[in-house]
Ligand SMILES: *[C@@H]1O[C@H](CO)[C@@H](O)[C@H](O)[C@H]1NC(C)=O
């Protein structure tokens, strides 16, 4: 709990996004809990930061996360902490990217893994690297191979969210914009870019299909419980959309949930619903005397029928990128802090 407290005030995203219609606590029919008490901080080795997405292997061990120097690290518990699990070709071919140098490296050169998920049956770890494309790491770790770098003749430009259908091994992932790269994500928001894509890597055919294009800032993606649909977070719209990908409704989509913030990653909660991390809009203390710090809502849990059923708020992160539930614990990833966090699902 000796964590550095980061101010939640200054996310550029928050400044650019249109003001949210924030439900008053009284109107909301769900409970909001703080993540701050009981949060255990999992500090990354310096100088890396930004454990944006978290994944667990087939044994439930982990989490694993992509970090700012382009590598994937694995959490081995409180004593040992984080250690390297995987790296990409740039770490060997570009001197600047060599992890031994312990430099803060340019992500557009060395790569930036965002969404990641294991295919439990094969043990493979799939990674959406914002700059290098769709990567796959063998179960033992080591070098990530590039599985695909384009689809439909259009190069991947800003890969972001990723999930695996565990029945088929197919990989669903998003390219947030075919125009702007991750380093310019603010332009995606500010200019209302609608050039994102939803993609599927077919494991058997070894091909990537474009399921939808011209999407507004598709970010996180999660495969629905029966594999007929995926849920996609659209960051600029403050909503989750459901895209039907198998069966009679394939090709259709609709709004699945409206959210009290701008969604980042989405993860199945194991009960037919989803945890959705939120980048808060600019929320100002509403007291007349001002100066009331309002804890931003950092995540919500949405039920299988698209209703917000609980919320988390807190000051422990600049922004929360992902919440994953495992073994009665909530695991918290963030793109901009030098740590991830965990807390018991039900304190006390
Ligand atoms: C979750 O529980 C399983 C079974 O006890 C264990 O093997 C695994 O390491 C646990 N995972 C984490 C991340 O604590």
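None of the figures in this text is laboratory data; all of them are computed from the coordinates on show. The shown structure was predicted, so the numbers you read here are calculated from the model rather than taken from an experiment. As a convention, Cβ positions derive from the backbone with ideal geometry for all residues, glycine included, and neighbour counts pool all protein chains shown.
Structural remarks
- Listed conditions (1) within 16 Å of the ligand (Cβ to nearest atom); (2) free of Cβ contacts under 8 Å to residues at least 40 places away in the same chain are all met by residue 118, apart from (2).
- Flag for residue 60 being touching a strand residue (DSSP E or B) at 6+ places or on another chain (Cβ under 7 Å) and in a loop (DSSP other than H, G, I, E, B): yes
- Per the listing 306, 341, 333, 328, the residue uniquely closer than 21 Å to residue 219 by Cα and within 16 Å of the ligand (Cβ to nearest atom) is 333.
- Just one residue in the set 278, 237 is more than 23 Å from residue 134 (Cα to Cα), in contact (Cβ under 8 Å) with a residue 12 or more places away in the chain and surrounded by fewer than 22 Cβ atoms within 10 Å (Cβ to Cβ); that residue is 237.
- Residue within the stretch 75-97 that is part of a strand (DSSP E or B), surrounded by fewer than 24 Cβ atoms within 10 Å (Cβ to Cβ) and away from the ligand (no atom under 16 Å from the Cβ) present: yes
- Of the residues making up the stretch 205-226, at least one is more than 29 Å from residue 331 (Cβ to Cβ), over 20 Å from the mean Cα position of the chain (by Cα) and not in a strand (DSSP E or B).
- Scanning the stretch 40-71 for residues that are within 16 Å of the ligand (Cβ to nearest atom) and farther than 19 Å from residue 269 by Cα yields 40, 41, 42, 51.
- Unmet criterion (only one of (1) surrounded by fewer than 17 Cβ atoms within 10 Å (Cβ to Cβ); (2) more than 16 Å from the ligand (Cβ to nearest atom)) for residue 313: (1)
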